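A.B. asks: Sharing a structure with you now.
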Amino acid sequence: MKDMMTIFRREFASYFATPLAYVFLVIFLVMQGLFTFYVGQFYEREQADLVSFFAYHPWLYLFLVPAIGMRLWAEERKSGTLELLLTLPVNTSAVIAGKYLAAFAFTGLALAMTLPIWITVNWLGDPDNGVIVTGYLGSLLMAGAYLAIAAAMSALTKNQVVAFILAVSVCFLFMVSGLPMVLDTAGGILPGPLVGVVANLSFLAHFENLQKGVVGLSDVVYFLTVIALWLGINRVIVESKREAG
Amino acid sequence: MDVLLEARDLKKHFGPLRAVDGISLSVKKGEVLGFLGPNGAGKTTTMKMLTGFLAPSAGSAIVCGETVTAGNAAARRRIGYLPEGAPLYGDMTPAGFLAFIAAAHGIEGAVAEKAVRDAAGAVQLEKVMEQRIETLSKGFKRRVGLAAAILHSPDVLILDEPTDGLDPNQKHEVRRLIGAMSAERAIIISTHILEEVEALCSRAVIINAGRIVADGTPSALKARSIYVGAVTMLVPSADADAIVNAAKALDGVAGVEAAGEGDRTRLTILAKPAAQIADPVGDLVAKHGWHVSQFSVDGGRLDDVFRSVTTGKAA
Ligand SMILES: Nc1ncnc2c1ncn2[C@@H]1O[C@H](COP(=O)(O)OP(=O)(O)O)[C@@H](O)[C@H]1O
Ligand SMILES: [Mg+2]
């Protein structure tokens with residue numbers, strides 16, 4: 001636990017060691033604004049809710065979260081510091097968790113910076129704040145799932161750009177598996193129950209459930225399972241890459 | 001004396017390549033072992049196994065009685081490691097980096113501050129403690145890596161080419177530091193700089209293609225050189241031919257090498273194994289009244305032994 005915090009602190013601080021973090025936060029907020037107000041027509045809808053805000057998160061995260069996660073391992077492998085890190089008397093699990101949580105905290109920070117929009121809807125109208133809270137929870141969990149994928153992909157390569165592309169691709173698969181278009185196609189090939197499984201695997205279905213204001217345990221468990229699974233994969237990749245040098 | 005670091009028949013295969021092919025060695029407290037070999041001999045791979053970064057294909061590494069594995073954090077706590085090229089987090093300052101290393105070793109609070117201060121002081125980092133590591137010169141970066149390796153006062157120090165790429169003054173500085181730390185520890189340094197071994201190491205192990213080809217004190221290894229007992233002298237070039245002929249006629253002389261240096265010639269008169277030729281050569285010089293401006297007896301040359309054991313050819 002202490003080891004994990006040591007790794008966490010170093011990793012989290014390293015996000016702010018370059019101006020890149022601030023650039024990223026600005027881009028994140030601008031994109032959020034663009035989608036919410038322009039594409040999502042926040043004002044035109046004249047509804048006191050954040051539906052138009054959350055609706056685009058799955059798509060925004062598809063690119064923004066891999067950008068946060070891509071450096072986690074690729075950079076360590078490229079610069080050789082992985083050897084330094086893994087020969088310290090710290091468990092590999094603590095390293096994996098510490099690094100992931102640092103990236104997750106950074107993601108959470110970016111999301112927290114959108115809180116003014118919540119204040120705005122409360123000022124403009126009378127929204128159901130319960131729905132907004134679960135909306136944020138769902139958004140954070142989904143970002144966490146994307147991030148776990150991005151972390152694992154980052155361990156696959158020394159090149160951050162490659163890590164980014166791999167992460168976007170895998171995240172995209174996890175997302176679109178819930179789109180009607182994909183499910184219709186799948187329905188033509190697979191038997192009914194399997195289509196249900198594919199749909200259930202998608203981030204979208206679980207994310208949307210949480211947007212409705214109900215915290216379904218199954219949805220929370222789903223995201224936590226996905227995160228745990230990909231962190232496990234992350235570990236396997238790190239161990240095998242350590243052997244490959 | 002207690003053995004602090006031990007390799008037992010370590011092997012590492014990368015596919016068909018036997019990078020390390022059965023290396024056994026032990027380093028005692030107070031010993032500085034020079035680990036030599038040409039590039040690609042397997043030095044770095046061996047050291048990665050000694051530190052638990054790589055799992056051996058066969059054999060084991062033992063530090064202070066504990067087997068080193070990726071999962072054994074306790075064994076790694078006893079080790080200070082400077083990886084090849086001294087990788088560092090460039091976006092940190094030495095102060096931040098060393099504090100991180102201390103925390104990773106479970107050192108906290110005032111003790112950590114003192115450990116960082118002492119390690120930084122030992123390698124004279126004080127002036128750059130708040131500068132980003134990536135902006136430091138190569139010599140300073142290497143010192144940061146060394147400070148990180150010694151910060152927790154490890155029993156065993158494993159340094160992979162600690163002086164590689166440094167200028168002669170910096171090399172001297174790093175050697176002095178390693179020498180100063182050797183009394184209480186077992187130290188293994190890899191290098192292909194042979195003068196370093198003579199300056200620093202109490203023992204040298206030479207490996208080639210993953211196997212040990214020589215092991216002994218630097219003097220014992222040098223004694224295997226064809227130059228051991230050889231007499232080197234600087235003579236006027238005009239006399240050189242006469243001296244060479246006279247020397248070759250002496251008992252115990254194996255051959256003579258000559259190298260011109262302006263109007264003088266440097267002659268190296270090689271001795272046959274176990275032959276003492278310094279006195280006969282001296283007598284010869286006195287008898288003929290040749291003007292000799294330098295006269296020395298060779299203790300053997302490590303580079304010559306290195307070449308002969310790693311290529312199978314004499315120099
Ligand atoms: N991860 C790896 N995969 C495949 N071959 C490797 C790997 N690491 C090292 N080697 C090979 O093992 C041999 C020994 O390398 P190394 O231990 O780095 O030698 P040295 O440090 O003595 O120069 C070299 O031929 C090198 O190419
Ligand atoms: Mg090497």
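A.B. asks: Among the residues of the range A:148-174, count how many are touching a Pro at 6+ places or on another chain (Cβ under 8 Å), open to solvent by 30 Å² or more (accessible area, probe 1.4 Å) and among the small types (Gly, Ala, Ser).
C.D. replies: The total comes to 0.
A.B. asks: Considering only the range B:277-290, state which residues are exposed (fewer than 12 other Cβ atoms within 10 Å of the Cβ) and not in a helix (DSSP H, G or I).
C.D. replies: Residue satisfying the conditions is B:Gly289 alone.
A.B. asks: Here's something else I'd like to know. Can you tell me which residue among B:Gly216, B:Gly165 is within 16 Å of ligand 2 (Cβ to nearest atom) and closer than 30 Å to B:His13 by Cβ?
C.D. replies: Step by step, each of B:Gly216, B:Gly165 is checked, and only B:Gly165 is within 16 Å of ligand 2 (Cβ to nearest atom) and closer than 30 Å to B:His13 by Cβ.
A.B. asks: Tell me which residues, restricted to the range B:40-56, are of a type outside the set (A, V, I, L, M), at the interface with another protein chain (Cβ under 10 Å from one of its Cβ atoms) and outside any helix (DSSP H, G or I). Reasoning before the result, please.
C.D. replies: First pass over the range B:40-56, keeping only residues of a type outside the set (A, V, I, L, M): B:40, B:42-46, B:48, B:51-53, B:56.
Going one step further and asking which of them are at the interface with another protein chain (Cβ under 10 Å from one of its Cβ atoms), we end up with B:44-45, B:48, B:51-53.
Of everything in the range B:40-56, those that are of a type outside the set (A, V, I, L, M), at the interface with another protein chain (Cβ under 10 Å from one of its Cβ atoms) and outside any helix (DSSP H, G or I) turn out to be B:Thr51, B:Gly52, B:Phe53.
A.B. asks: On to the next question. Name the residue, out of B:Ile226, B:Ile193, that is more than 14 Å from every other protein chain (Cβ to nearest Cβ) and either away from ligand 2 (no atom under 16 Å from the Cβ) or at pLDDT 85 or above (or both). Give the derivation first.
C.D. replies: Numbers: B:Ile193 fails: either away from ligand 2 (no atom under 16 Å from the Cβ) or at pLDDT 85 or above (or both).
B:Ile226 is the lone residue from the list that is more than 14 Å from every other protein chain (Cβ to nearest Cβ) and either away from ligand 2 (no atom under 16 Å from the Cβ) or at pLDDT 85 or above (or both).
A.B. asks: Right, another one. Please go through the range B:58-91 and give me each residue that is outside any helix (DSSP H, G or I), surrounded by fewer than 20 Cβ atoms within 10 Å (Cβ to Cβ), aliphatic (A, V, I, L, M) and at the interface with chain A (Cβ under 9 Å from one of its Cβ atoms), ordered by number.
C.D. replies: B:Ala70
A.B. asks: Checking B:Leu5 against (1) in a loop (DSSP other than H, G, I, E, B); (2) closer than 24 Å to B:Ala183 by Cα; (3) more than 9 Å from chain A (Cβ to nearest Cβ), which test does it fail?
C.D. replies: (1)
A.B. asks: Right, here's the next one. I'm checking my understanding of the structure. Among residues of the range B:92-133 that are at the interface with another protein chain (Cβ under 10 Å from one of its Cβ atoms) and open to solvent by 40 Å² or more (accessible area, probe 1.4 Å), which one is farthest from ligand 2 (Cβ to nearest atom)?
C.D. replies: For the range B:92-133, the residue satisfying everything is B:Glu108.
A.B. asks: While we're looking at this one, here's another question. Does the range A:93-117 hold any residues that are farther than 29 Å from A:Phe172 by Cβ and either touching a Lys or Arg at 6+ places or on another chain (Cβ under 8 Å) or within 14 Å of chain B (Cβ to nearest Cβ) (or both), and which are they?
C.D. replies: A:Ala94
A.B. asks: Could you run through the range A:60-72 and say how many residues are more than 14 Å from chain B (Cβ to nearest Cβ) and farther than 24 Å from A:Ile119 by Cβ? Walk me through it before giving the result.
C.D. replies: So in the range A:60-72, the residues more than 14 Å from chain B (Cβ to nearest Cβ) come out as A:60-70.
Imposing the further condition that a residue be farther than 24 Å from A:Ile119 by Cβ reduces the set to A:62-63, A:65-70.
Result for the range A:60-72: 8.
A.B. asks: Quick one: which residue in B:Ala55, B:Ala7 is open to solvent by less than 40 Å² (accessible area, probe 1.4 Å) and within 16 Å of ligand 1 (Cβ to nearest atom)?
C.D. replies: Only one candidate qualifies: B:Ala7.
A.B. asks: Let me ask you something else. What number of residues in the range A:20-32 are loosely packed, with under 15 Cβ neighbours inside 10 Å and modelled with pLDDT under 85?
C.D. replies: Qualifying residue count for the region: 1.
A.B. asks: Additional query: If only one of A:Thr81, A:Thr134, A:Thr157 is β-branched (Val, Ile, Thr) and at pLDDT below 90, which one is it?
C.D. replies: Going through A:Thr81, A:Thr134, A:Thr157 in turn, just one is β-branched (Val, Ile, Thr) and at pLDDT below 90: A:Thr134.
A.B. asks: Please count how many residues of the range B:24-40 are surrounded by fewer than 24 Cβ atoms within 10 Å (Cβ to Cβ) and near ligand 1 (Cβ under 6 Å from one of its atoms).
C.D. replies: 2
A.B. asks: Please state which one of B:Ala58, B:Ala74 is modelled with pLDDT of 90 or more and of a type in the set (A, V, I, L, M, F, W, C). Steps first, answer last, please.
C.D. replies: Details: B:Ala74 fails: modelled with pLDDT of 90 or more.
Result: B:Ala58 is the single residue among B:Ala58, B:Ala74 that is modelled with pLDDT of 90 or more and of a type in the set (A, V, I, L, M, F, W, C).
A.B. asks: If you don't mind, another one. Is it the case, given these coordinates, that B:Val253 is of a type outside the set (Asp, Glu), over 30 Å from B:Gly210 (Cβ atoms) and touching a residue at least 12 places away in the same chain (Cβ under 8 Å)?
C.D. replies: yes
A.B. asks: Right, next: Could you tell me whether any residue of the range B:15-23 is in contact with a strand residue (DSSP E or B) (Cβ under 6 Å, 6 or more places away or on another chain), crowded, with 24+ Cβ neighbours inside 10 Å and either within 14 Å of chain A (Cβ to nearest Cβ) or of a type in the set (Asp, Glu) (or both)?
C.D. replies: yes
A.B. asks: Next question. Looking for whichever is at pLDDT 85 or above, part of a strand (DSSP E or B) and surrounded by fewer than 20 Cβ atoms within 10 Å (Cβ to Cβ) here; the options are B:Ala242, B:Ala254. Which one fits?
C.D. replies: Working: B:Ala242 fails: part of a strand (DSSP E or B).
Going through B:Ala242, B:Ala254 in turn, the sole match is B:Ala254.
A.B. asks: Which one of A:Val195, A:Val182 is open to solvent by less than 40 Å² (accessible area, probe 1.4 Å), at pLDDT below 85 and in a helix (DSSP H, G or I)?
C.D. replies: Values: A:Val182 fails: open to solvent by less than 40 Å² (accessible area, probe 1.4 Å).
It is A:Val195.
A.B. asks: Now a separate question. In the range B:32-51, which residues are near ligand 2 (Cβ under 10 Å from one of its atoms) and hydroxyl-bearing (Ser, Thr, Tyr)?
C.D. replies: B:Thr44, B:Thr45, B:Thr46
A.B. asks: Run down B:Ala209, B:Ala204, B:Ala199 and say which single residue is in the same structural domain as B:Ala180 (by TED's automatic domain parsing), closer than 30 Å to B:Lys29 by Cβ, modelled with pLDDT of 85 or more and under 29 Å from the mean Cα position of the chain (by Cα). Before the answer, list the steps.
C.D. replies: On the way: B:Ala209 fails: closer than 30 Å to B:Lys29 by Cβ; B:Ala199 fails: modelled with pLDDT of 85 or more.
So the residue among B:Ala209, B:Ala204, B:Ala199 that is in the same structural domain as B:Ala180 (by TED's automatic domain parsing), closer than 30 Å to B:Lys29 by Cβ, modelled with pLDDT of 85 or more and under 29 Å from the mean Cα position of the chain (by Cα) is B:Ala204.
The values are calculated or read from the model by the stated rules, or taken from the named source; none is laboratory data. Not measured: the values here are computed from a predicted model. Virtual Cβ from ideal backbone geometry, glycine too; neighbours counted across all protein chains shown. Please note that ligands, DNA and RNA were not included when accessible areas were found on the heavy atoms of the full protein model with its side chains. Shrake-Rupley method; radii C 1.70, N 1.55, O 1.52, S 1.80 Å.
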